[in-house]
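In what follows, a single structure is set out as structure tokens and then discussed.
The values are calculated or read from the model by the stated rules, or taken from the named source; none is laboratory data. Since the structure is predicted, the reported quantities are computational estimates derived from the model, not experimental observations. Backbone-built Cβ (ideal geometry, glycine too); neighbour counts: all protein chains shown.
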Amino acid sequence: MFTGAFSALITPFRDGAVDERALRDLVEWQIQSGIDGLVPCGSTGESATLSHAEHEQVIRLVIEQARRRVPVIAGTGSNSTAEAVRLTTFAREAGADAALLISPYYNKPTQDGIFRHYQTIAAAVDLPLFVYNIPGRTGSNILPETFARMCEIKQVVGIKEASGSMDQCSDILGLCGERLTLMSGDDSLTLPLMAMGARGVISVITNVMPREMHDLTAAALAGDFARARALHFRMLPLMRALFVETNPIPVKQALAFMGRSSNEMRLPLIAMTAAGAEKLRGVMSQLRLV
């Protein structure tokens, strides 16, 4: 169920509120384009500035629109364990297939504290859990040995790994084997990680090019690395352009260029600079996306 290309969905806004119509349309286009799964309320979905009510609204809407055609992994992470339990409980009741939980940020817990955070959530909520490791945002790194300990937790089924370290990913795969599904958290590392045994990606570029990233992961899973490489190199300029400013600023601008969403952000994030937007449009033009 949890393999291939999963979209880390943006949260469209209009006049300060969640744009439900744009989000439903985006979900529908993603599914029609062959996406393997959907991930609302992650970093790309601006979860940090969604109210609790909006967080639940977005998760519920995506599940409703998906209609079980693809799995939905709901972002339910928090730096408060109790809050993460509450959000994950809601996701389960709403019908999510799994939850994605970022490692506690700002608190900078010890490795044992990180382990106990996920252990506590798993004990409280009977739902498959993905552990999201992104040290650049959280201020702490989940070590491979801690992931090995998490193999003891039945509900923990996978990892979104965005440390950017191939060595770390190698160690995780070596220690955890097939017990935990490793998903790339960096678009540009999807292909090399899948060559080592990762099963797919939770992706930003899929908001803009869902079919191509689905095709890349499908080719890699089938062992057709020549086709996967060709798709990787085709998308690589856009993968880079989508991170010239803080995610999700560029991907929202890209979708605005395509007429699929506004580029409205929530403070402290702001709209893309004119120079960055011009560079992004140039890359998209070369790919015939605009």
query: Based on what the data block shows, is Ser140 within 27 Å of Phe225 (Cβ to Cβ) and either charged (D, E, K, R) or surrounded by fewer than 21 Cβ atoms within 10 Å (Cβ to Cβ) (or both)?
result: no
message: So for region 102-110 (the condition being touching a Gly at 6+ places or on another chain (Cβ under 7 Å), surrounded by fewer than 22 Cβ atoms within 10 Å (Cβ to Cβ), more than 24 Å from Met265 (Cβ to Cβ) and modelled with pLDDT of 95 or more), does at least one residue qualify?
response: no
- prompt: Does at least one position in region 265-278 carry a residue that is within 20 Å of the chain's Cα centre (by Cα), buried (at least 18 other Cβ atoms within 10 Å of the Cβ) and not aromatic (Phe, Trp, Tyr)?
  reply: yes
message: Tell me whether region 1-13 contains one or more residues that are aromatic (Phe, Trp, Tyr), surrounded by fewer than 19 Cβ atoms within 10 Å (Cβ to Cβ) and either within 23 Å of Tyr118 (Cα to Cα) or touching a residue at least 24 places away in the same chain (Cβ under 8 Å) (or both).
response: no
message: Going through Ala22, Ala5 one at a time, which residue ends up being over 18 Å from the mean Cα position of the chain (by Cα) and under 24 Å from Ala256 (Cα atoms)?
response: Ala22
- prompt: Which residues, taken from region 48-69, are within 17 Å of Arg86 (Cβ to Cβ) and assigned to a helix (DSSP H, G or I)?
  reply: Ala48, His52, Ala53, Glu54, His55, Glu56, Gln57, Val58, Ile59, Arg60
message: Could you list, ordered by first residue, the pairs with Cβ atoms under 8 Å in which the first is in region 199-217 and closer than 12 Å to Pro248 by Cα and assigned to a helix (DSSP H, G or I) and the second is at pLDDT below 95 and not basic (Lys, Arg), at least 6 apart or interchain?
response: none
message: Being buried (at least 21 other Cβ atoms within 10 Å of the Cβ), of a type outside the set (Asp, Glu) and modelled with pLDDT of 95 or more: is that true of Met213 here?
response: yes
task: Tell me, please, whether a residue that is within 26 Å of Leu38 (Cβ to Cβ) and acidic (Asp, Glu) can be found in region 137-155.
output: no
- line: How many residues of region 177-212 are of a type in the set (Gly, Ala, Ser) and under 18 Å from Phe225 (Cα atoms)? The answer is 6
- prompt: Applying the selection to region 49-77, what residues are crowded, with 21+ Cβ neighbours inside 10 Å and among the polar types (S, T, N, Q)?
  reply: Thr76
message: I'd like to verify a number: residues in region 238-264 that are within 20 Å of the chain's Cα centre (by Cα), among the small types (Gly, Ala, Ser) and farther than 14 Å from Thr11 by Cα, how many?
response: 1
- prompt: Of these, Leu191, Leu236, which one is hydrophobic (A, V, I, L, M, F, W, C), touching a residue at least 12 places away in the same chain (Cβ under 8 Å) and buried (at least 22 other Cβ atoms within 10 Å of the Cβ)?
  reply: Leu191
field: Subset of region 1-47 (residues that are part of a helix (DSSP H, G or I) and touching a Phe, Trp or Tyr at 6+ places or on another chain (Cβ under 9 Å))
entry: Ala22
- prompt: Just wondering, is there one or more residues in region 210-219 that are among the small types (Gly, Ala, Ser) and in contact with a Ser or Thr (Cβ under 6 Å, 6 or more places away or on another chain)?
  reply: no
- prompt: Can you name the condition, by its number, that Cys41 falls short on among (1) over 14 Å from Ile205 (Cα atoms); (2) touching a residue at least 40 places away in the same chain (Cβ under 8 Å); (3) under 14 Å from the mean Cα position of the chain (by Cα)?
  reply: (2)
- line: Per the filter on region 246-263, residues surrounded by fewer than 18 Cβ atoms within 10 Å (Cβ to Cβ) and touching a Phe, Trp or Tyr at 6+ places or on another chain (Cβ under 9 Å) are Arg260, Ser262
task: State which residue pairs qualify: first residue under 11 Å from Met284 (Cβ atoms) and inside region 240-268, second residue crowded, with 17+ Cβ neighbours inside 10 Å and of a type in the set (Asp, Glu) in any location, beta carbons under 8 Å apart, and separation of 6 or more residues or different chains.
output: Leu242/Asp187
field: Residue list for region 77-117, restricted to those being among the small types (Gly, Ala, Ser) and outside any helix (DSSP H, G or I)
entry: Gly77, Ser78, Ser80, Gly95, Ala96, Ala98, Ala99, Ser103
